[in-house]
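Read through the structure below, which is laid out as structure tokens, and then see the notes.
The values are calculated or read from the model by the stated rules, or taken from the named source; none is laboratory data. What you are looking at is a predicted structure, and each value in this text was computed from that prediction instead of being measured. Quick reminder, even Gly has a Cβ in these numbers, built from the backbone with ideal geometry, and neighbours come from all protein chains shown.
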Amino acid sequence: MLETKELILNMGPQHPSTHGVLRLVLKLEGETIVGTDVVIGYLHRGSEKIAENIPYFEFVPYTDRLDYTAALSSNLGYVMAVEKLSNIRPPERAEYIRVILTEFQRIAAHLVWLGTHAMDLGAMTVFLYCFRERETILDFFEMITGARLTINFFRIGGVPADLPPQFFARAWEFLETFPDRIKEYEALLTRNKIWLKRTKGVAVISAEDAIDLGLTGPSLRGSGVSFDIRRAEPYSVYDRFQFDIPIGEKGDVFDRYMVRVEEMRQSIRIIRQGLEQIPEGDLMTRVPRKLKPPAGAEVYVRIEAPKGELGFYIVSDGGEKPYRLKIRGPSFVNLQSLPLMVQGGLVADVVAAIGSIDVVLGEVDR
Amino acid sequence: MPTVVVEIIVVLVKIAVVFGAVALVVAYLTYLERKVIGHMQHRMGPMRVGWHGLLQPIADGLKLFTKEDIIPSQADRWVFFLAPVVSLVPAFIAYAVIPFDRNFYITHLNIGVLYILAVSSLGVYGIVMAGWASNSKYAILGSFRSAAQMFSYEIFLGFSLIGPLMIAGSLDLVKIVDAQSKVWFIVYQPVAFLLFLVAATAETNRVPFDLPEAETELVAGFHTEYSGMKFAFFFMAEYANMVIVGAMASVLFLGGWSGPVLPGVIWFFLKVMAFIFLFIWLRATLPRLRYDQLMYMGWKVMFPIAILNIVGTGLVIYLL
């Protein structure tokens, strides 16, 4: 008798489009997916354990390497958590600088996402156009902080250096020209029939399922849930800015794409307001050389990172080093939704789905 | 000398010339693609090897030639060896009937179009053999997709050509070019031309139909396990097919070698290059279609349009 067997396909840790060392074991019937196993841990570096052995100040560079496409966001989350733990308030100017740089970082992270997502689906030119803009942003970072990728700029208590005078002119120029660039990317993708066919109705996740699985960030907003931590629990100086929260309708790949593209535009708005409102002042508050938060204090601080809710839970035992540092990486939680999204789809849709969740293995594995 | 021997020598010389020219064009096509796509992407393409990268194809050829020949241990050895050959040879022998100028062709077949279609169909065997022999799931998936895609779109390719063939009244490539001496067939058969373009892109596994080699999805599809010269064969076969398809398009729709002032060969070359440029442009711009969408589009959209085109052409010819 003829009998059909399931085909097990391993999209192994080395694969051009799993965005890092992600391993997917797909069970296929023909080309339809009937089961997915997500295997992670190939990038686990023991960051949380390392945190228990070094003083609070020294951990900031490790946060760079979590979501390596958005280093400043992770810096911000950690630094804010330690400040809340020890009751330190950074000065106003420092807060504004932090927000401006974090929003630039959000744009840079979304550009990486857009470029790689489009390239996975075949549109290779978008990748180069996105990275052209990202180069300008990375030039800003180099100008201000000295580094392009693993930036390590925020400090507990403020920022270590001011925005140099040559930054402002170039930043305004970028803010003028970038919306046209977004139009370029959209011209190549948003109304392209092939793109629409590959992304509309693909890898759908409903709002209920998204909330149940703990999905956050643009992936959640693509399903129509209007939840953005910058609006729901404003932190730093976000409550002084006006910006919209883009949401999608159906929770398919296309909606998540549109949400992120729109978020880039909103980030431009925030940066504009930040540059207009930024006050003069100090850059750092005085922080003791050996920072010892009160014993028994514990704090959970969450921020809206480009990928979703990035949370830091720190427990202090009164010493220089944290007793326990737990990082809630958004990509780790978002990745849980992948099997549900691709169930019943085709192999080609897995690539679109991974791209649309925007997974970065640094955050998944820590 | 007896005329038979002279004739044989002449034919051999023609074969050598065409073969050499095609090999050179195919090699420099890879360079052209990299340069054109590079410039479209705001970068420059190869610049280091030779002036502006002109020696790049030679460097690539040397590299592939000297690379270690890896054969997977579970592979079916003879089929693995034969697959690239079966892919490449049909691509090259199709050039035997293409008329580069009124009197410049290797041979003059009165069923030229049929010959080219038949010979390109053989290329599909090479892909199926490659996927099977590699004994790797990625390769097998890639070759299944490619085989189904290629023989579906070959049908549409054939159907789209029936329009111009009805007007020309012959399968002979030289006669078809002559039939376009007043008006090129693209004017009479715009629908067929568009269908031909789409079918040709699918036939040669180019974006947006390059699923069989979709590197981001299947690593490299049916040629995942190939390295060195065997890989070079597949690569050359793809580009040689592109040139064949460009040549067919220019002969059947754009008047072949006809054009003012310049010699026919130059016009032919320019027209073929225009098509190649179009293929390269598509590759730089468009995303890739999913496999089922590709098949849907072929059978449910292109096929009815092709049939309608044939019926329409027939009606017009009958009425006029």
*What number of residues in the range B:253-296 are within 14 Å of another protein chain (Cβ to nearest Cβ) and over 21 Å from the mean Cα position of the chain (by Cα)?*
4
*Please list, ordered by first then second residue, the pairs with beta carbon atoms under 6 Å, 6 or more apart or interchain, first in the range B:273-287 and more than 11 Å from B:Val243 (Cα to Cα), second aromatic (Phe, Trp, Tyr).*
B:Pro287/A:Trp195
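From the set of residues in the range B:96-119 that are outside any helix (DSSP H, G or I) and among the aromatic types (Phe, Trp, Tyr), which is farthest from the chain's Cα centre (by Cα)?
Start the filter on the range B:96-119 by keeping residues that are outside any helix (DSSP H, G or I), which leaves B:98-111.
Still in the running and among the aromatic types (Phe, Trp, Tyr): B:100, B:104-105.
Numbers: B:Phe100: 16, B:Phe104: 20, B:Tyr105: 18 Å.
It comes out as B:Phe104.
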*Would you pick out the residues in the range B:189-202 that are more than 14 Å from B:Met248 (Cα to Cα) and surrounded by 18 or more Cβ atoms within 10 Å (Cβ to Cβ)?*
B:Gln189, B:Ala202
*A:Glu133, sole failed condition from (1) under 19 Å from A:Arg272 (Cβ atoms); (2) away from every other protein chain (no Cβ under 14 Å); (3) in a helix (DSSP H, G or I)*: (2)
*asked:* Condition first: in a helix (DSSP H, G or I) and within 14 Å of chain B (Cβ to nearest Cβ). Can you find one or more residues in the range A:326-333 that meet it?
replied: no
*Just checking, which of B:Arg34, B:Arg77 is within 14 Å of chain A (Cβ to nearest Cβ), farther than 14 Å from B:Ala232 by Cα and of a type in the set (Lys, Arg)?*
B:Arg34
*Does A:Ile314 count as farther than 25 Å from A:Ile182 by Cα and outside any helix (DSSP H, G or I)?*
yes
*Where in the range A:193-303 are the helices (runs of 4 or more DSSP H), entirely inside, with at least 3 residues that are of a type in the set (D, E, K, R)?*
A:193-199, A:207-213, A:253-277
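Scanning the range B:183-192 for residues that are assigned to a helix (DSSP H, G or I) and touching a Leu at 6+ places or on another chain (Cβ under 9 Å), which turns out farthest from B:Phe268 (Cα to Cα)?
From the range B:183-192, those assigned to a helix (DSSP H, G or I) are B:185-188, B:190-192; that's our starting set.
Next cut, touching a Leu at 6+ places or on another chain (Cβ under 9 Å) only: B:185-186, B:191-192.
Working: B:Phe185: 15, B:Ile186: 15, B:Val191: 22, B:Ala192: 20 Å.
Per the criteria, the residue is B:Val191.
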*asked:* So for the range B:38-54 (the condition being part of a helix (DSSP H, G or I), at positive phi and away from every other protein chain (no Cβ under 14 Å)), does at least one residue qualify?
replied: yes
*Tally of residues being within 27 Å of A:Val351 (Cβ to Cβ) and buried (at least 23 other Cβ atoms within 10 Å of the Cβ) across the range A:125-163*: 2
*What about A:Asn87, is it surrounded by fewer than 19 Cβ atoms within 10 Å (Cβ to Cβ) and at positive phi?*
yes
*Among what's in the range B:52-111 and is exposed (fewer than 14 other Cβ atoms within 10 Å of the Cβ) and of a type in the set (Ser, Thr, Tyr), pick the residue that is modelled with the lowest pLDDT.*
B:Ser73
*Residue by residue through the range B:27-51, note down the ones that are crowded, with 16+ Cβ neighbours inside 10 Å, out of contact with any Asp or Glu (no Cβ under 9 Å at 6 or more places or on another chain) and among the hydrophobic types (A, V, I, L, M, F, W, C).*
B:Leu29, B:Leu32, B:Val36, B:Ile37, B:Met40
*Looking only at the range A:211-222, decide whether some residue is modelled with pLDDT of 90 or more, in contact with a Leu (Cβ under 8 Å, 6 or more places away or on another chain) and either buried (at least 23 other Cβ atoms within 10 Å of the Cβ) or more than 11 Å from every other protein chain (Cβ to nearest Cβ) (or both).*
yes
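Residues checked against (1) more than 20 Å from A:Gly274 (Cα to Cα); (2) aliphatic (A, V, I, L, M); (3) within 14 Å of chain B (Cβ to nearest Cβ):
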{"residue": "A:Asn87", "(1), (2), (3)": "yes, no, no"}
{"residue": "A:Arg98", "(1), (2), (3)": "no, no, no"}
{"residue": "A:Glu103", "(1), (2), (3)": "no, no, no"}
{"residue": "A:Met124", "(1), (2), (3)": "yes, yes, yes"}
{"residue": "A:Asn152", "(1), (2), (3)": "yes, no, no"}
{"residue": "A:Val159", "(1), (2), (3)": "no, yes, no"}
{"residue": "A:Ala169", "(1), (2), (3)": "no, yes, no"}
{"residue": "A:Trp172", "(1), (2), (3)": "no, no, no"}
*asked:* Just to verify a result, which residue in the range A:105-122, among those that are of a type in the set (A, V, I, L, M) and under 14 Å from A:Met264 (Cα atoms), is nearest to the other protein chains (Cβ to nearest Cβ)?
replied: A:Leu114
*asked:* Consider the range B:245-261. How many of its residues are part of a loop (DSSP other than H, G, I, E, B) and either at pLDDT 85 or above or over 19 Å from B:Ile111 (Cβ atoms) (or both)?
replied: 8
_So A:Trp113 passes all but one of these: (1) under 16 Å from the mean Cα position of the chain (by Cα); (2) not in a helix (DSSP H, G or I). Which condition number does it fail?_
(2)
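Name every residue in the range A:110-129 that is closer than 16 Å to B:Trp281 by Cα and out of contact with any Ser or Thr (no Cβ under 8 Å at 6 or more places or on another chain), in order of residue number. Steps first, please.
The first filter runs over the range A:110-129 and keeps only residues closer than 16 Å to B:Trp281 by Cα, leaving A:119, A:122-129.
Those that are closer than 16 Å to B:Trp281 by Cα and out of contact with any Ser or Thr (no Cβ under 8 Å at 6 or more places or on another chain): A:Met124, A:Val126, A:Leu128, A:Tyr129.
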*Would you say A:Asn53 is within 12 Å of another protein chain (Cβ to nearest Cβ) and either at pLDDT below 90 or not in a strand (DSSP E or B) (or both)?*
no
*Conditions (1) of a type outside the set (A, V, I, L, M); (2) within 23 Å of A:Arg289 (Cα to Cα); (3) not in a helix (DSSP H, G or I): number failed by A:Arg45*: (2)
*Hey, does the range A:122-130 have a residue that's assigned to a helix (DSSP H, G or I) and touching a residue at least 60 places away in the same chain (Cβ under 8 Å)?*
yes
_I'd like to know if the range A:297-313 contains one or more residues that are farther than 30 Å from A:Leu26 by Cα, surrounded by fewer than 17 Cβ atoms within 10 Å (Cβ to Cβ), at pLDDT below 90 and more than 14 Å from chain B (Cβ to nearest Cβ)._
yes
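Go through the range B:300-320 and give me each residue that's more than 20 Å from B:Val187 (Cα to Cα) and either loosely packed, with under 13 Cβ neighbours inside 10 Å or within 14 Å of chain A (Cβ to nearest Cβ) (or both).
Of the range B:300-320, the ones more than 20 Å from B:Val187 (Cα to Cα) are B:300-301, B:303-304.
Listed by number, the residues that qualify are B:Lys300, B:Val301, B:Pro304.
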*Search the range A:10-46 for residues being surrounded by 18 or more Cβ atoms within 10 Å (Cβ to Cβ) and of a type outside the set (A, V, I, L, M, F, W, C), and hand back the single one that is farthest from the chain's Cα centre (by Cα).*
A:Glu31
*Just one of (1) more than 30 Å from B:Leu294 (Cβ to Cβ); (2) charged (D, E, K, R); (3) in contact with a helix residue (DSSP H, G or I) (Cβ under 8 Å, 6 or more places away or on another chain) trips up A:Lys200, so point out which.*
(1)
*So which residues in the range B:158-182 are among the hydrophobic types (A, V, I, L, M, F, W, C) and in a helix (DSSP H, G or I)?*
B:Phe159, B:Leu161, B:Ile162, B:Leu165, B:Met166, B:Ile167, B:Ala168, B:Leu173, B:Val174, B:Ile176, B:Val177, B:Ala179
